[in-house]
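Step one of this worksheet: look at the structure below.
The values are calculated or read from the model by the stated rules, or taken from the named source; none is laboratory data. Computed from a predicted structure; not experimentally measured. Methodologically, a virtual Cβ is constructed for each residue, glycine included, from the backbone with ideal geometry; neighbour enumeration extends over all protein chains shown.
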Amino acid sequence: MNVRLYFLIALLLLTRMVFAAEEYGMSNYRFGSGDSISITVYDEKELSLDKVRLTDAGTISFPMLGEIKVLGLTVSELQKKVRDGLSKYLVNPKVTVSINEYRDIFVNGQVYKPGNYPYQPGLTVRKAVSIAGGFKDRADKDSISVFHEYQDKQDKPTAIKVAPGALIEPGDTITVEESFF
């Protein structure tokens, strides 16, 4: 297969991923520490990155551009940032960014297997609790809190009471409280 066919297949897969992200409300997803991404520069294999995990500071190291702050950017914002940076060296660079793996979610409290678990688009509190082994007998199913991970470090995470059907986001921490009855 030639390079153009590979590029066409990758473009079709990327398009499907974008539609899937929009379907689950992830079109405005903002990158955070722990996300794994790939950046492809068409016809420039040496400038492409595959499965790079964002550092704790939310940065990546990119050839020719050095360290790039990715924290808080969307896919389209990062594509533009890389394309603009490479425009100093290349004529009309074609850049695509994809998310390989979202940062983990955390489930704790009255569940059988508390811990961190991989995030998937469309994940609800109920599904996350099921992944964590389900509710313990003493769990208060009406007292579930979610802490959202904020990109802006000035924002302080606060607990939000949610229903079991509520959608969660990458980096969220779910806490199932104990029932006293």
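Could you please give the count of residues in the stretch 33-53 that are in contact (Cβ under 8 Å) with a residue 40 or more places away in the chain, over 20 Å from SER87 (Cα atoms) and of a type in the set (A, V, I, L, M, F, W, C)?
So the count comes out to 1.
Which one of ILE131, ILE174 is buried (at least 19 other Cβ atoms within 10 Å of the Cβ) and of a type in the set (A, V, I, L, M)?
Matching residue, one of ILE131, ILE174: ILE174.
Here's the yes/no breakdown for (1) free of Cβ contacts under 8 Å to residues at least 40 places away in the same chain; (2) of a type outside the set (A, V, I, L, M, F, W, C):
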{"site": "SER87", "(1), (2)": "yes, yes"}
{"site": "ASN92", "(1), (2)": "yes, yes"}
{"site": "VAL97", "(1), (2)": "no, no"}
{"site": "ASN108", "(1), (2)": "no, yes"}
{"site": "GLY115", "(1), (2)": "yes, yes"}
{"site": "ARG126", "(1), (2)": "yes, yes"}
{"site": "VAL129", "(1), (2)": "no, no"}
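Given VAL52, VAL107, VAL146, which one is at pLDDT below 95, in contact with a helix residue (DSSP H, G or I) (Cβ under 9 Å, 6 or more places away or on another chain) and closer than 20 Å to GLY32 by Cβ?
Going through VAL52, VAL107, VAL146 in turn, the sole match is VAL146.
Inspect the stretch 22-38 for any residue being at pLDDT 90 or above and over 30 Å from GLY133 (Cα atoms) and give the result as yes or no.
So far as the stretch 22-38 goes, yes, one or more of its residues are at pLDDT 90 or above and over 30 Å from GLY133 (Cα atoms).
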